[in-house]
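Below you'll find the structure, written out as structure tokens, and then a few comments.
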Amino acid sequence: MRFLRQLLLPVLALASLALARSSTGDSVLILLDPSLKKEDFSVFFGDLEKKGYQLTFRSPKDATPEIIKDDVAQFAHVVVFAPNTKSFAADVTPQSLVSLLSKNTNLLLALSPKQTPLSSLASEFSLILPPPGTPLVSHFPKRDTPPTVIPVDVPATHDIISPNLPPVWFSGVPQALGNNPMLVPILKAPPQAFASDADSDKGADALVEAAEKSGEGLWAGSSLSLVTGFQALSNARATWLGGVELFSDDFINKEISKGVKSGNRQFASDVAAWTFQESHVLRIDSVEHHRVNETLPRETYTINDRVTYTTYISKYNPELDLWEPYSGIKDMQLEFTMLDPHIRTSLPPIAGEPGKYSVTFRVPDRHGVFKFVNDYKRKGWTYLTSSTVVPVVPPRHDEYPRFLSAAWPYYAGAFSTSAAFVLFVTLWLAGDDREPKKSKGAKAE
Amino acid sequence: MPLAYTLPSNLSPATVANTSSLLRIVALALISGAAIASRLFAVVNFESIIHEFDPWFNYRATKVLAEKGFYEFWNWFDHTAWYPLGRVVGGTIYPGLMATSGVIYNVLHALHLPVDIRNICVLLAPGFSALTAWSTYMFTKEMKDESAGLLAAVFIGIAPGYISRSVAGSYDNEAIAIFLLMYTFYCWIKALKTGSVLYGTLTALFYFYMVAAWGGYAFITNMIPLHALTLILMGRFSSRLYTAYSSWYAIGTLASMQVPFVGFQPVRTSEHMAALGVFGLLQIVAFAELVRAHVSSKQFQSILFGSVIVIGLLGVFAFAGLTYKGWIAPWTGRFYSLWDTGYAKKYIPIIASVSEHQPTAWPSFFMDLQFLIFIFPAGVVLCFRELRDEHVFVIIYAVVASYFAGVMVRLMLTLTPVVCVAAAIAFSSLLDTYIDPVEPEVPVASTEAETPARDSPANVAPGSATTSKKAKKAAAADASSSGLASGVLAALSPSGKSAKPRGIFGLDSRALVIANALGMLLFFVLHCTYVTSTAYSSPSVVLASQNPDGSQHIIDDFREAYYWLRQNTPQDAVVMSWWDYGYQIAGMADRPTLVDNNTWNNTHIATVGKAMSSPEEVAYPILRKHDVDYVLIIFGGLIGYSGDDINKFLWMVRIAQGVWPEEIQEPNYFTAKGEYRVDDQAAPAMKNSLMYKMSYYRFAELYGGNQAVDRVRGQQVPKTGPTLDYLDEAFTSENWIVRIYQVKKEDPLGRDLKTANSFDQGKKRKKSKPLSRRKAVV
């Protein structure tokens, strides 16, 4: 079966070469605020279409096309570029957007300093937004743009973003991050930046003071995030942009310094690729378990059996639209759990067999309903979870060891008693029959 | 010798003997029929269904046995019970019942009678009740005679005390255990009487069957040694006793150790030590007797007896030492609870929470035994008058069983046979005395005294004609043997003058007493039938109520809910409920359960108790950890079903408190005044508990704005009911008796479900502030 699949997949991939690159689908709905023009984002949208996505545009107030129809998500990805829209159509509510995530639909959402339904939705994702009307402000480095338009250094080595990108232009609202482990910070604010309601820096001291007095944290510094990814438990991804301008043609074409174009274009493409589940997508193809020296799984295992657990993992290759065996995970663990993990061992890749991870261990000396649990959650990567229930039973009545050396006294006792009994009976029957008479006589006395 | 009425004289003794034995067989057959028929009320009134709780497990186990064979059953590891611990069924049950059904099933199928295994299970208990009647007949026959045996058989056949555990569908260990108990005792008495190794071995074999069938075998394990010890102390040691006891103990103990669940208990636990001790004592006594037979010196004998005592004492010390060292397990809590009825409530609430472990209420003695309980002491007194070895047994049995029946309701079952036996002895003595036509001789010469008398001792065989002198002797012997009742009357009469003749004169007095006795029997039959049909024949899986027009209305919520689970949930969906319903869920819904009626793991039960009595957010991690998909509760508030979970709730709290005393405290579930309330004034812990919330979730809505009333507690439920964030209502049965909730999956955004729920309802979240990881530098 596996072999067949490996054979078939490249063929299928070739056939679908012209199709989308996402692992979940190619239909994208873009909710575009009327105040924003499609042309202003032509590079970004054009890149998406070049990759093979089918873009559908819709104003936030339009009723059609619906994003969820009959409880089925109609698009594989939803882009909400409506940072200033205060009221959406009835089907676009924070609740419906969240429910999209559990239907494995990816979201790309843009925020703005304005208070909109989206900014209250952001708090459900453990993003903490500054008060309305306080965009990110930075006076460094010295430049001719307003202080709210900031060049931000992109981390040189980041899982999601291409390495060594030039800085990107950013304008918008920063987010402080809650302690939700599902958050994937993509772009951090420059250390000198802060959120302020004033365009000039006159109020900056007052802001710090206010923050001190009221005991609030400070919306300042590199702990703020500007672009934040979120990987939901359903493996759907949502990305929050601090400002929609980040993806605009304007910023993409704007020069960072003389002759150096900004990194916005590649950055936008990388963020979209991650959000639309093109990159960093893994899956568990299959799980096998069997006793050592056997090939088929057992319905139950006996305590102290030696058991081999194998899992096959693939990574999505967006270039070929293909799932390829992936052996790059070095820190995966397997737990053998009944209430608590009884065994926790590393699940290493097998050299020479791509995509195969395997470990052999001894089942604990404890019967019960165990689970092979593989729970691999890393920031930015698809969550890999697999749980296989298998009962572990005590040995059958005929599986216990026999003829133990410790039992020899008992064997000796049993056999000697039997022999003595036979001897006694023989003697009794063959003996003189005067004896019993005498004893009878004695009893009579 | 005067006679009250004449008996036919032209019958040969052989004819009489043959007729009476035929009549006995017919009578026994009729008794069996009556015993079986009276147990079929449950089938007639309801249907052929397995009753209650434990039988559902036995039934499930029997199905495994019938389908997969004995070895698979032996090695059966039930991974759906006690999830995720699982249960080694083969090693934790008494397989006798299932094996019996399996044998019957296989025999019937070998005869090409394709009987459904369920029907075998349903009808096993009535079938064995017929055998119980027969074995009680045999037992009582050894005590007195056949007529007493027949009476005992009738009594045990229809006594509600035994019917309560053996109606059709009550497929429990007790169904066959009482037969085995009585037959083992019969064999023991027979072995003791004859001193036969064969009967001793038979005793051991039936003892083995009993051990394989019921945990109550410990009763035999201690009754027989107690009897033997009493006989030794009474100076009645004999080679018969030695033979009977030694063969029983040696073979019986070895055999009982073959049952996996018993294993090495017979040599390792205190409950079995009495049997071992008496076995040892018997060897010593036998040895002493042997020496005494060969040695004539009286001093030597006294030294010998001294040494016997010393050895006995050493044995006791050795026993104590071994217990102290841990070689012998000390008494278990269940044992202590037999002596101190408050013990269980204090230390092992799991035992105390079972209603059948409560002390017996006085009326239930009458309910279960009716007039037998009144004449039971008379029968015991009659045993004292003769006091052969076997009578000592009945006396000990009566005393011990009476005590235990007073301590625990369920032990009424072990009392019932001895009550039937003793009552039969008393009743048969009464009938013997009053049916016997012999009248006492009046010293003043009368016409009757002159007539040649025909002696007819007892009621069985009229003896051959004798002279009046012989008749006198026979009558005197009668007075001491069969006509005991008159003897008792004589003993009680104040005069004590031998000159005055005692006895019964005339037909009228006889007719009066016999009519009265027959009346008692008649009322006994009526009572038994009434109690059986009304009180003991309810399957408790199906409830019955009456429509306004008097017709029967069946409330079938349990099966409705269990079948819902069976058909609408994945096969491996784990269901959490209180342990009472574990077996039923496993049997009817076929879903894994957390805890069930085999209460072997107190901590696991306490975990469920904690989940039920904690607030949702505390309970949720427990539910997730145990992979619980559904929670099932029983709620009787709508139709007034009093056996629901809110009424059992305090036991959950108590059991949880036993394990987590810091987190769960019973007083928190009472109001400040110490009342157990579910209305507006309910204690906060009560109102926040998962059990309360699940019980009353949306209950008030049912009343459409009117005041909602809980009909079990008789309290008014708040109009705004509790809300649930971590559970979804999945199913509620027609009369709301069973409510099933689905445990929600974790939130995809990683929020706690309460927040997620309030978000879904569109509630505004409080604005949060950035976490201050470090202090801002000023």
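Leaving out ligands and nucleic acids, and using a 1.4 Å probe, what accessible area per residue does the protein assembly as shown come to in Å²?
Numbers: 56340 Å² over 1223 residues.
Value for the protein assembly as shown: 46 Å² per residue.
At a probe of 1.4 Å, how much accessible area disappears from chains A and B on forming the pair, both sides counted, to the nearest 100 Å²? Please list the in-between numbers first.
Working: alone 23410 and 36330 Å², together 56340 Å².
Between A and B, the summed buried area is about 3400 Å².
What percent do you get for the relative contact order of chain A when only Cα pairs under 8 Å and 6+ apart count?
Details: 866 pairs, mean separation 58.0, N = 445.
This gives 13 percent for chain A.
Would you compute, from DSSP H runs of 4+ residues alone, the mean residue ellipticity of chain B at 222 nm, taking -39500 (n - 2.57) per run and dividing by the full residue count, rounded to the nearest 500? Walk me through the numbers before you get to the answer.
Working: 34 runs with 448 residues, N = 778.
The helix contribution divided over chain B gives -18500 deg cm²/dmol.
How big is D, in µm² s⁻¹, for segment B:105-190 by Stokes-Einstein at 25 °C and 0.890 mPa s if Rh is the Kirkwood radius over C-alpha pairs?
Taking Rh from Cα pairs, D becomes 181 µm²/s.
Have a look at segment A:232-248 and report residues whose accessible surface goes down by 40 Å² or more when the remaining protein chains are included, against the chain on its own, probe 1.4 Å, ligands and DNA/RNA excluded.
A:Leu233
Rounded if a/c is under 1.5, else prolate if a/b beats b/c, else oblate: with a ≥ b ≥ c from the C-alpha gyration tensor eigenvalues square-rooted, which is segment B:555-760?
Values: a/c = 1.19, a/b = 1.13, b/c = 1.05.
Rounded, since a/c falls under 1.5.
Which value in deg cm²/dmol, rounded to the nearest 500, describes the helix-derived mean residue ellipticity at 222 nm for chain A, given -39,500 (n - 2.57) per DSSP H run of n ≥ 4 and division by the residue count? Don't skip to the answer; put the middle values down first.
Values: 9 runs with 101 residues, N = 445.
Estimated from H runs of four or more residues: -7000 deg cm²/dmol.
Does any residue of segment B:80-96 lose at least 10 Å² of accessible area with all protein chains in place compared with its chain alone, and if so which ones (probe 1.4 Å)?
B:Tyr83, B:Pro84, B:Leu85, B:Val88
If you add up the charges near B:Glu174, with Lys and Arg at +1 and Asp and Glu at -1, over every other residue whose beta carbon is less than 14 angstrom from its beta carbon, what do you get? Working shown, then result.
Values: positive: B:Arg39, B:Arg165, B:Arg410; negative: B:Glu52, B:Asp54, B:Asp172, B:Glu356, B:Asp368.
Net local charge, B:Glu174 excluded: -2.
Could you sort the peptides B:126-132, B:157-163 by per-residue average Cβ neighbour count (10 Å cutoff), highest mean leading? List each step's numbers first, then the result.
Values: B:126-132: 23.7, B:157-163: 27.0.
With the highest mean Cβ count within 10 Å placed first, the list reads B:157-163, B:126-132.
Between segment A:348-399 and segment A:256-295, what's the alpha-carbon centroid distance in Å?
25
Just the number, please: Stokes-Einstein D of segment A:17-275 in µm²/s, Kirkwood Rh from C-alpha pairs, 10 °C, 1.306 mPa s. Mind showing how you got there, number by number?
On the way: Rh = 18.6 Å.
Value of D from the Cα-based Kirkwood radius: 85 µm²/s.
What are the residues whose amide H is under 5 Å from the amide H of B:Ala730, where those residues sit 5 or more places off or on another chain and H is modelled from the backbone?
Counting only residues 5 or more places away or on other chains, the set is B:Ile740, B:Tyr741, B:Gln742.
Past the 41 angstrom mark, what percentage of all C-alpha to C-alpha distances in chain B do you count? Mind showing how you got there, number by number?
Details: 136037 of 302253 pairs.
I get 45 percent for the Cα pairs in chain B exceeding 41 Å.
With a sphere of radius 10 Å drawn around the Cβ of A:Asn84, what net charge do the other residues whose Cβ falls strictly inside it have (Lys, Arg +1; Asp, Glu -1)? Spell out each step's value before the answer.
Working: positive: A:Lys86, A:Lys114; negative: A:Asp33.
Result for the neighbourhood of A:Asn84: +1.
Shielding of B:746-756 by partners, i.e. mean partner chain Cβ atoms within 10 Å per residue?
Details: counts 1, 5, 13, 13, 12, 5, 0, 0, 0, 2, 2.
Mean shielding count: 5.
Would you calculate the volume per residue, in Å³, of the smallest convex hull containing every Cα atom of segment A:80-199? Kindly include the intermediate steps, with their values, before the conclusion.
On the way: hull volume 14.9 nm³, N = 120.
Per-residue hull volume (Cα only) is 124 Å³.
Which of the aspartates and glutamates could a cross-linker bridge to A:Lys61, judged by Cα under 18 Å and excluding same-chain residues fewer than eight apart?
A:Asp33, A:Asp91
Under 4 °C and 1.567 mPa s, how fast does segment B:347-414 diffuse according to Stokes-Einstein, given a Kirkwood radius computed over C-alpha pairs? Answer in µm²/s, whole number.
Details: Rh = 13.3 Å.
The Stokes-Einstein estimate is 98 µm²/s.
Restricting to segment A:17-275, what percent of DSSP beta bridges are antiparallel, rounded to 5?
Values: 23 of 41 bridges.
Percent antiparallel among DSSP bridges in segment A:17-275 is about 55.
Taking the Cα centroid of segment B:37-113 and of segment B:148-197, what is the distance between the two, rounded to the nearest whole Å?
About 22 Å separates the Cα centre of segment B:37-113 from the one of segment B:148-197.
Ignoring everything but the protein chains, give the 1.4 Å probe accessible area of B:Leu254 in square angstrom, nearest 10.
Here the accessible area works out near 110 Å².
Computing the accessible area with a 1.4 Å probe over protein heavy atoms, can you report the carbon and sulfur percentage for chain B?
Values: 21450 of 34600 Å².
That share works out to 62 percent.
Taking the highest mean first, how do the peptides B:48-58, B:256-266 order by number of other beta carbon atoms within 10 angstrom per residue?
Details: B:48-58: 22.3, B:256-266: 17.0.
So the peptides B:48-58, B:256-266, ranked by packing, come out B:48-58, B:256-266.
Greater than 31 Å separation of Cα atoms is the criterion. Which listed pairs, B:Lys346/B:Lys754; A:Lys86/A:Lys188; A:Lys86/B:Lys687; A:Lys103/B:Lys687; A:Lys114/A:Lys254; B:Lys648/B:Lys719, meet it? Present the calculation step by step, with values, prior to reporting the outcome.
On the way: B:Lys346/B:Lys754 37 Å; A:Lys86/A:Lys188 27 Å; A:Lys86/B:Lys687 40 Å; A:Lys103/B:Lys687 35 Å; A:Lys114/A:Lys254 25 Å; B:Lys648/B:Lys719 24 Å.
As for pairs spanning more than 31 Å Cα to Cα, those are B:Lys346/B:Lys754; A:Lys86/B:Lys687; A:Lys103/B:Lys687.
Quantify, in whole percent, the carbon and sulfur part of the accessible surface of segment A:282-393 (1.4 Å probe; protein heavy atoms only). Can you show the working numbers first?
Numbers: 2400 of 5170 Å².
Here carbon and sulfur together make up 47 percent of the probe-accessible area.
Near the amide H of B:Thr269, under 5 Å away, which other amide H atoms are found, from residues 5 or more places off or on another chain, if H is placed in the peptide plane?
Under 5 Å from the amide H of B:Thr269: B:Ala329.
Quick one: net charge around A:Thr105, please, counting Lys, Arg +1 and Asp, Glu -1 for every other residue with C-beta under 14 Å from its C-beta. Working shown, then result.
Working: positive: A:Lys69, A:Lys103, A:Arg237; negative: A:Asp26, A:Glu66, A:Asp71, A:Asp91.
That sum, taken over residues with Cβ under 14 Å, equals -1.
On the Cα set of segment B:215-315, report Rg and Dmax in Å, please.
In Å, with Rg to one decimal and Dmax whole: 15.1, 50.
Quick one: Cα convex hull volume of segment B:622-721, Å³ per residue?
Working: hull volume 10.9 nm³, N = 100.
Spelled out: Cα convex hull of segment B:622-721, divided by residues, is 109 Å³.
Mind checking the dipole of chain B: about its Cα centre, +1 per Lys or Arg Cβ, -1 per Asp or Glu Cβ, Debye to the nearest 20? Please report the intermediate quantities before stating the final value.
Values: 63 positive and 59 negative charges, 414 e Å.
It comes to approximately 1980 debye.
Would you mind checking which residues have amide H under 5 Å from A:Asp305's amide H? H placed 1.01 Å from N; only 5 or more apart, or other chain.
A:Val363
Determine the percent antiparallel among the DSSP beta bridges restricted to chain B, to the nearest 5. Mind showing how you got there, number by number?
Working: 21 of 26 bridges.
Roughly 80 percent of the beta bridges in chain B run antiparallel, per DSSP.
Looking at segment A:345-387, which residues lose a minimum of 10 Å² of accessible area between their chain alone and all protein chains in place, measuring with a 1.4 Å probe and not counting ligands or nucleic acids?
Buried by 10 Å² or more upon assembly, which counts only protein chains, are A:Arg366, A:His367, A:Gly368, A:Val369, A:Lys371.
Across peptide B:306-314, how many C-beta atoms of other chains are within 10 Å of each residue C-beta, on average? Before the final figure, lay out each step's value.
Details: counts 0, 0, 0, 0, 0, 0, 0, 0, 0.
Counting other chains' Cβ atoms within 10 Å and averaging over B:306-314 gives 0.
May I ask you to order B:539-552, A:82-95 by the average number of other C-beta atoms within 10 Å around their residues, highest value first? Could you put the intermediate results ahead of the total?
On the way: B:539-552: 12.4, A:82-95: 17.6.
The densest-packed peptide leads the list: A:82-95, B:539-552.
If you average the sequence gap of Cα pairs under 8 Å that are 6 or more apart and divide by the length of chain B, what percent do you get for the contact order?
So the answer I get is 13 percent.
Compute the Rg/Rh shape ratio of segment A:282-393: radius of gyration over Kirkwood radius, all on alpha-carbon atoms.
Values: Rg = 14.5 Å, Rh = 14.6 Å.
In segment A:282-393, Rg relative to Rh is 0.99.
In terms of the ratio Rg/(2.2 N^0.38 Å) built on C-alpha atoms, what value belongs to the protein assembly as shown?
Details: Rg = 42.6 Å, N = 1223, 2.2 N^0.38 = 32.8 Å.
Ratio of Rg to 2.2 N^0.38 Å for the protein assembly as shown: 1.30.
Using only Cα atoms, figure out Rg for segment B:501-657 and give it as a multiple of 2.2 N^0.38 Å. Let's see the in-between values first.
Numbers: Rg = 24.8 Å, N = 157, 2.2 N^0.38 = 15.0 Å.
That ratio works out to 1.65.
How many percent of Cα pairs in chain A exceed 41 Å? List each step's numbers first, then the result.
Working: 37831 of 98790 pairs.
Here the long-distance tail beyond 41 Å is 38 percent of all Cα pairs in chain A.
If you count, for every residue in A:394-404, the Cβ atoms of partner chains within 10 Å of its Cβ, what is the mean?
Mean shielding count: 2.
The values are calculated or read from the model by the stated rules, or taken from the named source; none is laboratory data. Predicted model only: the values in this text are computed from it and were never measured. So basically every Cβ, Gly included, is an ideal-geometry build from the backbone, and we count neighbours across all protein chains shown. Only protein heavy atoms, including side chains, enter the accessible area calculation; ligands, DNA and RNA are left aside. Shrake-Rupley method; radii C 1.70, N 1.55, O 1.52, S 1.80 Å.
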